[in-house]
Amino acid sequence: MRLLLLKCVSLSIFFSSFLLIFSPTKTYSVKKIKKSIQLTGNGADRQWKKAKKLCDFPYPWRAETAPKTEFKALYDDTHFYFLYRATDAEIIQKSKGLGEMDVVASDRVELFFKGATDDAPYYSLELDALGRILDTEGYFYKKVDFAWTWPTDGLVVKASMDETGYWVEGSISFASLRALGLYHDDGILRTGLYRAEYVTQADGKVRPQWISWIHPDAETPNFHIPSSFGILELVE
């Protein structure tokens, strides 16, 4: 009996630990506003005070505490608005003449969007502290198309830096989200929220450390899987 009890306790601890590591789907409530946000690149519009703060951004694959990341979102009749604030003591921005691919080696925040089914395309926006945009289309577990571009006039991004970090602020039209099959006027956006934090290591090399709202069901860093997505719920 004692041995059986110990086994039950061990199994309970195992499954509790598993649930803590691989988080269930999370939900963030996006409030509606009457007037459009005036994008400044630093969240100066007073309407941002109405938004709920989301600060739950740990290192999924590292033990130490991640630098603070804050996300906010709002929406009106025509657009979805987002605002990232990334605390960063060393903002790394690469400019190698590669255009949007320079974003890949730079400190950045990211939004991924997917439809209701995992066999449809998903879309990623990787946005750095200079306001550069790497936008891609992909299929889960298949090749990502880096030449793809978000629908014309459907996306605006502004960014800025200060002594403690950087801001990335943007708007996405619902028309573009509908055209991509990402929004069906049901109040649901299936979204991944991430950050790539580049750090200079002791050997002098710069390497990324990955930050995410949700711990994906992956043992090594990978956001390009369905389990990395949460729900943005549009509420009145």
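The values are calculated or read from the model by the stated rules, or taken from the named source; none is laboratory data. As the structure is a computational prediction, the values presented were derived from the model and not from experiment. A quick note on method: Cβ atoms are made from the backbone with ideal geometry, for glycine too, and the neighbour counts reach across all protein chains shown.
Evaluate segment 118-127: report whether one residue or more is among the hydrophobic types (A, V, I, L, M, F, W, C), in contact with a Pro (Cβ under 6 Å, 6 or more places away or on another chain), farther than 23 Å from K32 by Cβ and crowded, with 19+ Cβ neighbours inside 10 Å.
Within segment 118-127, the subset among the hydrophobic types (A, V, I, L, M, F, W, C) is 120, 125, 127.
The next check asks that each one be in contact with a Pro (Cβ under 6 Å, 6 or more places away or on another chain); those that pass are none.
Among the residues of segment 118-127, not one is among the hydrophobic types (A, V, I, L, M, F, W, C), in contact with a Pro (Cβ under 6 Å, 6 or more places away or on another chain), farther than 23 Å from K32 by Cβ and crowded, with 19+ Cβ neighbours inside 10 Å, which makes the answer no.
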> For A175, all conditions in the list (1) closer than 22 Å to G41 by Cα; (2) loosely packed, with under 15 Cβ neighbours inside 10 Å; (3) not polar (S, T, N, Q) hold save one; what is the number of the exception?
Replying inline: (1)
> Hey, does segment 175-188 have a residue that's closer than 16 Å to L111 by Cα, part of a helix (DSSP H, G or I) and not small (G, A, S)?
Replying inline: yes
> What residue, among those in segment 199-220 that are assigned to a strand (DSSP E or B) and under 14 Å from R62 (Cα atoms), is nearest to the chain's Cα centre (by Cα)?
Replying inline: S212
>> Looking at A63, A147, A120, A116 in this structure, which one is assigned to a loop (DSSP other than H, G, I, E, B) and within 23 Å of K205 (Cβ to Cβ)?
In response: A63
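Output the residues belonging to segment 94-113 that are assigned to a loop (DSSP other than H, G, I, E, B) and more than 18 Å from V144 (Cα to Cα). Before the answer, list the steps.
Step one: of segment 94-113, the residues assigned to a loop (DSSP other than H, G, I, E, B) are 94-98, 106-107.
Across segment 94-113, the qualifying residues are K94, S95, K96, G97, S106, D107.
Would you mention how many residues in segment 221-236 are within 20 Å of W61 (Cα to Cα) and in contact (Cβ under 8 Å) with a residue 40 or more places away in the chain?
9
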>> Among the listed residues D107, D153, D76, identify the single one that is in contact with a strand residue (DSSP E or B) (Cβ under 9 Å, 6 or more places away or on another chain), under 22 Å from W210 (Cα atoms) and of a type in the set (D, E, K, R).
In response: D107
> With (1) out of contact with any Lys or Arg (no Cβ under 6 Å at 6 or more places or on another chain); (2) within 24 Å of D88 (Cβ to Cβ); (3) outside any loop (DSSP other than H, G, I, E, B) as the list, and F223 as the residue in question, which single condition is left unmet?
Replying inline: (3)
> Applying the selection to segment 215-236, what residues are surrounded by 19 or more Cβ atoms within 10 Å (Cβ to Cβ) and closer than 16 Å to K72 by Cα?
Replying inline: G230, L232, L234
>> The conditions are (1) in contact with a helix residue (DSSP H, G or I) (Cβ under 8 Å, 6 or more places away or on another chain); (2) hydrophobic (A, V, I, L, M, F, W, C); (3) surrounded by fewer than 13 Cβ atoms within 10 Å (Cβ to Cβ), and A63 fails exactly one of them. Which is it?
In response: (1)
>> Can you tell me which residue is modelled with the highest pLDDT among those in segment 174-232 that are out of contact with any strand residue (DSSP E or B) (no Cβ under 9 Å at 6 or more places or on another chain) and of a type in the set (S, T, Y)?
In response: S227
>> Please count how many residues of segment 40-54 are among the hydrophobic types (A, V, I, L, M, F, W, C) and either in contact with a Pro (Cβ under 7 Å, 6 or more places away or on another chain) or loosely packed, with under 12 Cβ neighbours inside 10 Å (or both).
In response: 0
> Tell me, which residue of segment 189-198 that is of a type outside the set (K, R) and either touching an Asp or Glu at 6+ places or on another chain (Cβ under 9 Å) or part of a loop (DSSP other than H, G, I, E, B) (or both) is farthest from Y123 (Cα to Cα)?
Replying inline: Y198
